[in-house]
Amino acid sequence: MASKQPENSLLGPEADSQRTLYPNVTGTSVVALKYKDGILMAADMGGSYGSTLRYKNVERMKAIGKHSLLGASGEISDFQEILRYLDDLILYDNMWDDGNSLGPKEVHNYLTRLMYNRRNKFNPLWNSLVLGGIKNGEKYLGTVSMIGVNFEDDHVATGFGNHLARPILRQEWHENLSFEDGVRLLEKCMRVLLYRDRSAINKLQIAKITEEGMTISQPYSLKTYWEFSAFENPTQGAVGSW
Amino acid sequence: MPKQQANWSPYDNNGGSCVAVAGADYCVIAADTRMSTGYNILTRDYSKICKLADKCVMASSGFQADVKALQKHLAARHLIYQHQHNKQMSCPAMAQLLSNTLYYKRFFPYYSFNVLGGLDNEGKGCVFTYDAVGSYEKVGYSSQGSGSTLIMPFLDNQLKSPSPLLLPVQDAVTPLAEAEAVDLVKTVFASASERDIYTGDKLEIVVINADGIGREYMDLRKD
């Protein structure tokens, strides 16, 4: 039975094939915290295709305008689309050429509206976003989920980071962390994630945003410690086991 | 390959409890500041209370993204009202607007459980309580949210208003003094935090009276 809908209609069963049902290439946790001079954010560089580690050089953190830093977990292609939307937003803001610029609060609000509106249309952008920045001395760190749940806090994380990193941050974060202490704290979180999140890889970047601007580290790997006595001579008590 | 069904829900419950109590010349609106998802706490410092007009405050719990969208919608409508009528919306007027706004999305609801509190045009306290699709009622006190099943019976015990069916019509607002009402609200949340896992961290209390709007905070259990 031929359908009478035009080809580009959003109604009917054909439209369902255009809606996101599940993510394909995904990034895992992003962790971020406020420190003395601004925001520090960490994310690894993995892009997983289901259980395969397909891409190992994915930059999941990008600078937005002069004052903000966006980190994303979830579908990488949706993150790229969000960057395109933000490009247009920042361009429009710059073209006014009036000395004003969108700060992190404004960008976070825009992203919240974007995610919520896509959720309303049942075609979500499958990401959890972390938006951090500093403008006129005021630090800001917020997060938005794929259904539009948003809030700001002194430290945030996405995905597994919520389960593994937030408890560490709740214990050890304090106001006015130095840069070195902030990095050390983030590395502690990322190391736990590396041990326990199977989609995490040992190649990460840490990005920093301050009044001066955004800098992102070269990719590097964390030292891991496997010298647990239980891991040495594991078959000692059970010959033939592994 | 058989057609894959969607495996995400457009809704989430971010928890929390809200309470409002109306007095002869004041109104107390309170909500905890915990935001959760599943068994996780997302943040301990999130306000569920929104000032909609000079004498009208709303506390909402449920799905945070919907709550935020609803607050923004009402704030925008209030701004238009001010431009058109050159005055603030009264609490009963805002109550009707909230009901209509919620029903408008009857077939894809705002998952938001609201209590509206404020002073009516005569300066008397009023509280309106809602469900997610806009059915509402003017009451002397109410609670909504994850702790409401624990809180409401206690408020009934302390503040029970006479049936609206009785004649002559009796007042629903409590004869309690403002300080006593605030104390009651603090007690109620301390108790709810003991047994409701989604209620805790901090309590935000807003008091509206003839002098304006006052705000205070109280710590709650963090577990």
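The values are calculated or read from the model by the stated rules, or taken from the named source; none is laboratory data. In this text the structure is predicted, and so the values were computed from the model without any measurement. Note: ideal-geometry Cβ built from the backbone for every residue, glycine included; neighbour counts use all protein chains shown. Just so you know, the surface numbers come from the protein's heavy atoms only, side chains and all, with ligands and any DNA or RNA stripped out. Shrake-Rupley method; radii C 1.70, N 1.55, O 1.52, S 1.80 Å.
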Point to revise | Long-range Cα-Cα pairs in the protein assembly as shown (distance over 39 Å), rounded percent | key: 32
Practice item. Identify all aspartates and glutamates with a Cα-Cα distance to A:Lys66 below 16 Å; exclude those on the same chain that are fewer than 8 residues away in sequence. Key: A:Asp37, A:Asp87, A:Asp88, A:Asp93, A:Asp97, A:Asp98, A:Glu106, A:Glu138, A:Glu211, A:Glu212
Exercise for review: For chain B, build the charge dipole from Cβ charges (+1 Lys, Arg; -1 Asp, Glu) around the Cα centre, then report which of B:Gln71, B:Leu150, B:Ile208 sits farthest towards its positive end.
Suggested key: B:Gln71
Review point. In peptide B:37-44, how many Cβ atoms from other protein chains are near each Cβ within 10 Å, on average?
Key: 4
Revision key, fill the gap. Chymotrypsin sites (Phe, Trp or Tyr not before Pro) in region B:34-112 lying in a DSSP loop, each with at most 16 other Cβ atoms within 10 Å of its Cβ, come to B:Tyr39, B:Phe107
Review point. Ordering A:Val144, A:Val25 from largest to smallest accessible area (1.4 angstrom probe), what's the sequence?
Key: A:Val25, A:Val144
Exercise for review: Indicate the gyration tensor shape class of region A:74-140 (rounded, prolate or oblate), computed on the Cα atoms with a ≥ b ≥ c the square roots of the eigenvalues: a/c under 1.5 is rounded; otherwise a/b larger than b/c is prolate and the rest oblate.
Suggested key: prolate
Exercise for review: Mind grabbing the accessible area of A:Glu152 for me, 1.4 Å probe, Å², rounded to tens?
Suggested key: 90
Check your understanding: In terms of modelled amide H atoms, which long-range or inter-chain residues lie less than 5 Å from the amide H of B:Arg221?
Key -> B:Asp201
Review point. So which of A:Lys139/B:Lys68; A:Lys34/B:Lys68; A:Lys203/B:Lys68 end up more than 29 Å apart, counting from Cα to Cα?
Key: A:Lys203/B:Lys68
Revision key, fill the gap. Taking the protein assembly as shown and counting helices only, DSSP H stretches of n ≥ 4 at -39,500 (n - 2.57) each over all residues, the nearest-500 ellipticity at 222 nm comes to -10000 deg cm²/dmol
Point to revise | Positive dipole terminus of chain A, leading residue within A:Gly74, A:Thr235, A:Leu129 (C-beta point charges) | key: A:Thr235
Point to revise | Members of region A:100-147 that become less accessible by 40 Å² or more once partner protein chains are added (1.4 angstrom probe, chain alone as reference) | key: A:Arg113, A:Tyr116, A:Arg119, A:Phe122, A:Ile147
Point to revise | Calculated FRET value between A:Thr215 and B:Ser163, using beta carbons and R₀ = 60 Å, to 0.05 | key: 0.35
Exercise for review: Express the carbon and sulfur contribution to the solvent-accessible surface of the protein assembly as shown as a percent, rounded to the nearest whole number, probe 1.4 angstrom.
Suggested key: 52
Point to revise | Interface B:A - total buried accessible surface [probe 1.4 Å, Å², rounded to 100] | key: 2100
Practice item. Express in nm, to one decimal, how much length is gained between A:Lys36 and A:Ser51 on full extension, taking 0.36 nm for each residue of separation and deducting their alpha carbon distance. Key: 1.6 nm
**Study point:** Cα-based radius of gyration of chain B once divided by 2.2 N^0.38 Å, which approximates compact folds
**Key:** 1.02
Point to revise | Label-point separation, A:Arg113 to A:Met95 (7 Å along Cα→Cβ), nm | key: 1.7
Review point. Residues of region B:106-200: accessible area per residue at 1.4 Å, in Å²?
Key: 52
Revision key, fill the gap. By the C-alpha gyration tensor axes a ≥ b ≥ c (rounded if a/c is under 1.5, else prolate when a/b exceeds b/c, else oblate), the shape of region B:1-70 is prolate
Revision key, fill the gap. Here the gain from full extension of B:Phe107 to B:Ser9, 0.36 nm per residue of separation minus their alpha-carbon distance, amounts to 33.7 nm
